[in-house]
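**Q** Have a look at this one.
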Amino acid sequence: MPKPPLPMKPTGWFQVAWSAEVPVGHVHRVTAFGEDLVTWRSRSGRATVMDAYCKHLGAHLGHGGTVVDETIQCPFHGWQWNPDGRNTAIPYADRPNLGRKIRTYPVVERNESIYLWHDLEGREPYFDVPDVFTSWDDGTRAEDYHPCHPRTTLVEERLHLHPQYVLENGVDFAHFEFVHKVPIIPVFTRQDFDQPVSYVDFTIAFEGSPGSIEEVDSGVEAINGGLGVAVTRSHGMVDNRTATCVTPVDDETCDVRFSVWIRRRPDLGDAESAERAARHGRGVIEQFEADLAIWRHQKYSDPAALAPGEYEGFTALRTWATQFYPDHPLPER
């Protein structure tokens, strides 16, 4: 597979797990940005992401480490570390070692997911993770949708692609006919790339009889929280929300996670509504898998040979993406 030519350690928020993968008291192993990490949840419910190796003698906390109240305990000698990475107890010493600290990452738990903030320069987060339910002022609550479960999520690990490949799909109007085999013509109504959080909206026209286009009130609104997180809402079709998350694993590969939420049907019983949601969610995932079939074999083209209608969207997105790469100055706020 061709190695992505874009920098693989961008700044931003990146998903490392679904919340359900890290229940209370659980330690979850993660590899991201070339680092071995652990995600663990304390007895109070707080999720922490930190480097995987104990600062005492280097044992891997993800292999036998346990949660003790609000700390993670090393399996080797029982040293305990809190969510700030500080040593709080050594079983055979009178006091902890206050001079050593395990690196921890800023964490946000949202969209039934756990995200870490990554920045090579160690800067604090300067934008937020978009919420798949509350980012649109439409009164929607998470309770209005069926929660994610294995039938409405997808994970593909260590694919030779880059987060930018996936986001560029959002401004690509021409691929629907060929990749998704649907007679859709997207008409972009918003392409806002002025801030680290960007917005792309489009309405949909379906091909009607020869020589005409049947306009329908449907479309998609996408919010990109940097390069790592994109959430969407669809209207005029089956009411769904999605979250697409691409997290670099190393200098060549990324993990891709995709989540789908389908709105509850109050006119149906809960079991029937849930089964309907699973079917429709599977259909959304199948469309995403069609995109994945392209991305996993794609070689990034720069400069791209764009058609006239493609130039504005692709140029705006690619220019916007550069702010998240190393050595780029922090955006003005």
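The values are calculated or read from the model by the stated rules, or taken from the named source; none is laboratory data. Predicted model only: the values in this text are computed from it and were never measured. A quick note on method: Cβ atoms are made from the backbone with ideal geometry, for glycine too, and the neighbour counts reach across all protein chains shown. When the accessible area is computed, the model is the full protein with side chains, heavy atoms only, and any ligands, DNA or RNA have been set aside. Shrake-Rupley method; radii C 1.70, N 1.55, O 1.52, S 1.80 Å.
**Q** Once you put a point 7 Å from the Cα of His63 and another 7 Å from the Cα of Thr315, both along the Cβ direction, what distance in nm separates them?
**A** 5.2 nm
**Q** Turning to a different aspect of this structure: How do Leu57, Leu37 rank by accessible surface area computed with a 1.4 Å probe, from largest to smallest?
**A** Result, largest first: Leu57, Leu37.
**Q** Averaging sequence separations of C-alpha pairs under 8 Å and six or more residues apart, then dividing by the length of the chain, give the relative contact order as a whole percent.
**A** Here the relative contact order equals 19 percent.
**Q** Rounded to the nearest 500, what is the 222 nm mean residue ellipticity of the chain from helices alone, with -39500 (n - 2.57) per DSSP H run of 4+ residues and division by all residues?
**A** Dividing the helical sum by the residues of the chain leaves -4000 deg cm²/dmol.
**Q** What FRET efficiency comes out for the pair Ala142/Asp302, r = Cβ-Cβ distance, R0 = 56 Å, nearest 0.05?
**A** Once rounded, the FRET efficiency stands at 0.90.
**Q** Follow-up question, since we're still on this one. Return, for the Cα atoms of region 242-306, the radius of gyration and Dmax in Å, separated by a comma.
**A** Using the Cα atoms of region 242-306, the pair Rg, Dmax is 16.8, 53 Å.
**Q** Which whole-number percent gives the relative contact order of region 230-333, counting Cα pairs below 8 Å spaced six or more residues apart?
**A** Relative contact order comes out at 13 percent.
**Q** Related question: Just how much of Met8 is accessible, in Å², when a 1.4 Å probe is used and the result is rounded to the nearest 10?
**A** Looks like 10 Å² after rounding.
**Q** Hey, another quick one. What does the accessible area of Val249 come to, in Å² to the nearest 10, when a probe of 1.4 Å is used?
**A** Here the residue's solvent-accessible area equals roughly 0 Å².
**Q** Further question: With 30 Å as the cut-off, how large is the P(r) tail for the chain, expressed as percent of Cα-Cα pairs?
**A** Of all Cα-Cα distances in the chain, 40 percent exceed 30 Å.
**Q** How much area per residue is accessible in the chain when the probe is 1.4 Å and only protein heavy atoms are counted (Å²)?
**A** It amounts to 48 Å² per residue over the chain.
**Q** Return one number: the angle in degrees, 0 to 90 and rounded to the nearest 10, between the long axis of the Cα atoms of helix 270-295 and the longest principal axis of the Cα atoms of the chain.
**A** The angle comes out at about 90 degrees.
**Q** Taking the Cα centre of the chain as origin, work out the dipole magnitude from +1 charges on Lys and Arg Cβ and -1 charges on Asp and Glu Cβ, in debye rounded to 20.
**A** Using only the charged Cβ atoms, the result is roughly 1340 debye.
**Q** Please report the net charge: other residues with Cβ closer than 12 Å to the Cβ of Glu121, K and R +1, D and E -1.
**A** Cβ neighbours under 12 Å give a net charge of -1.
**Q** Can I ask one more? Using DSSP loop states and a limit of at most 11 other Cβ atoms within 10 Å to flag GluC sites (Glu not before Pro), what is the longest stretch of the chain containing no flagged site?
**A** After excluding every exposed loop site, the longest remaining stretch is 122-331.
**Q** Any cysteines in the chain with zero other Cys Cβ atoms under 4.7 Å from their Cβ? List them, or say none.
**A** Singleton cysteines: Cys148, Cys245, Cys254.
**Q** If you roll a 1.4 Å probe over the chain with all protein chains in place, what percent of the accessible area is carbon or sulfur?
**A** 50 percent
**Q** Let me ask you something else. By how many degrees, 0 to 90 and rounded to 10, does the Cα axis of helix 311-321 deviate from the longest principal axis of the chain?
**A** With both axes taken from Cα atoms, the answer is about 10 degrees.
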